[in-house]
Structures are given as C-alpha cells and as structure tokens.
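The values are calculated or read from the model by the stated rules, or taken from the named source; none is laboratory data. The model shown is predicted, which means the values in this text are computed figures rather than measured ones. Positions of Cβ are generated from backbone atoms using ideal geometry, with glycine treated the same way; all protein chains shown enter the neighbour counts.
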Amino acid sequence: MRHEELKKLVDSTADPSFAVDSEGFISAWNAGAEKLFGRAAIEAVGQRCGLILKGTDECGSFCSDNCTVRQAVENRHPLGNFDLQIETTSGRQWSNVSVLIADDHNSTRPQAIYIIRPIDLRKRLEILVRDFVVSSTSVSPENVVAMITSTRAPAKDAELSARELEVLRLLARGESSKSIGQQLHISRTTVNNHVQHLLRKLSAHNRLEAIRRAEHAGLI
C-alpha cells in the first residue's frame, strides 16, 4: 500500500485514526486524531506512537518500543480490539482500540492502522462495578473479570509458546526460577530466558506485572 493510499484510508473514517510504520513512528494522522489528541498532523507525523498515546492498561504502562501490538503486526498476526487509557486534550481517557495490518509498498514490513473510539465513562463504570463485586463477594477476581469485562486486553494476542505458557503458569503459582527449572527439567538460565521473552511479549517490566497482565487477558 502506497503512502497516499494509506493516508486516504486513515482519512476515510471520522473516528480518530492514524498509521504507524514498522519502526513505531506515526506516518499518517487524520482529523479525528487531531481533535482527540490536540496535535496537528504536521506535529504528529514522524513522532513515536507511544510518546503521543502514553498508553496504559489496567496493569500499568503499555506503550514501549516493542509493545504487544507492534510484535503482532510484525508477525502479521490479526489483533482483536482492546481497551487502553491514553493521553488526550481532555486528560487521560479510556478508549477502545482496533488495529488493522496494512502492507507497506516501500517495505517488506507492514504498517499498523489504529482506530480509536473513546469509551471513558463506560470503562470507568466497568472497573468500579468489578472492584465492588471483588470486595463485596467471595467471587475470585479472575472470575469477576471474565463475567464483567466486555472487551479484550492487549496482551490477549501475545504469541506465547507452549513452554512459555508453562513457565508463566508456574510463575503465577509463586515458583522460583530454580523450582521451575526442576519441574520442567531445564536449567535456571533457560527459565530466565523464557521469563525475559515473556516480559517482552507481554510488555511487562517485571514478573508480577507479567502475571497480572496474563491473568487479565485470560492467558492463564
């Protein structure tokens, strides 16, 4: 897809929308995005996506140079919509995000087209109700999330291997690298390598954040 076609596609929706190239830089920016983020196209194009969105999910900071979305687009793995809290002209707001994968005429690597739909009030009510149910009943947090959460978490589409899922489940049980290695008959170094892969794929900064993000996404 040529740049002109990409820009035309982004401009074809009234919803805030923009394109991000394979290096994470914004390459197209529509009028809806200008209004939501308070940045003209000339200011946004060429900037890193994460520096403008400053996105967080319910488990913490999400935007990074190698976020889950960028990994999925790089592998041409279709993404389901997900909720993200982003920086807007009205402050931080929850929005539902859809991502389309578009082949780039000038590169062998695809670009991502983001479509943003603000849902701040609905999401805040969802979180409020969920927290109330968790604190007022004996239903587990995981089951409450499954019952109440209406959309997907970005980590849902992380491509984890069978071994990485094994390590993740054991981490969630509180097992150490040494214990995991003994149970899976692999070295502690190999376990730690798997953990580093999990942190990268889940856009997590530490083991606890990876576990929380995986639980929220229904991976474990």
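Overview of results
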item	result
Residue among 69, 45 that alone is outside the structural domain of residue 158 (by TED's automatic domain parsing) and free of Cβ contacts under 8 Å to residues at least 40 places away in the same chain	45
Filtered residues of the range 196-216 (kept if part of a helix (DSSP H, G or I) and touching an Asp or Glu at 6+ places or on another chain (Cβ under 9 Å))	197, 198, 199, 201, 212, 213, 215, 216
From the options 69, 97, 133, residue that is surrounded by 14 or more Cβ atoms within 10 Å (Cβ to Cβ) and closer than 17 Å to residue 25 by Cβ	69
Residue match in the range 11-33 (condition: without any contact (Cβ under 8 Å) to a residue 40 or more places away in the chain, surrounded by fewer than 17 Cβ atoms within 10 Å (Cβ to Cβ) and aromatic (Phe, Trp, Tyr))	yes
Candidate set from the range 1-49 (those that are farther than 12 Å from residue 115 by Cβ and of a type in the set (S, T, N, Q)); member that is nearest to the chain's Cα centre (by Cα)	22
Test for residue 57: is it modelled with pLDDT under 95 and buried (at least 22 other Cβ atoms within 10 Å of the Cβ)	yes
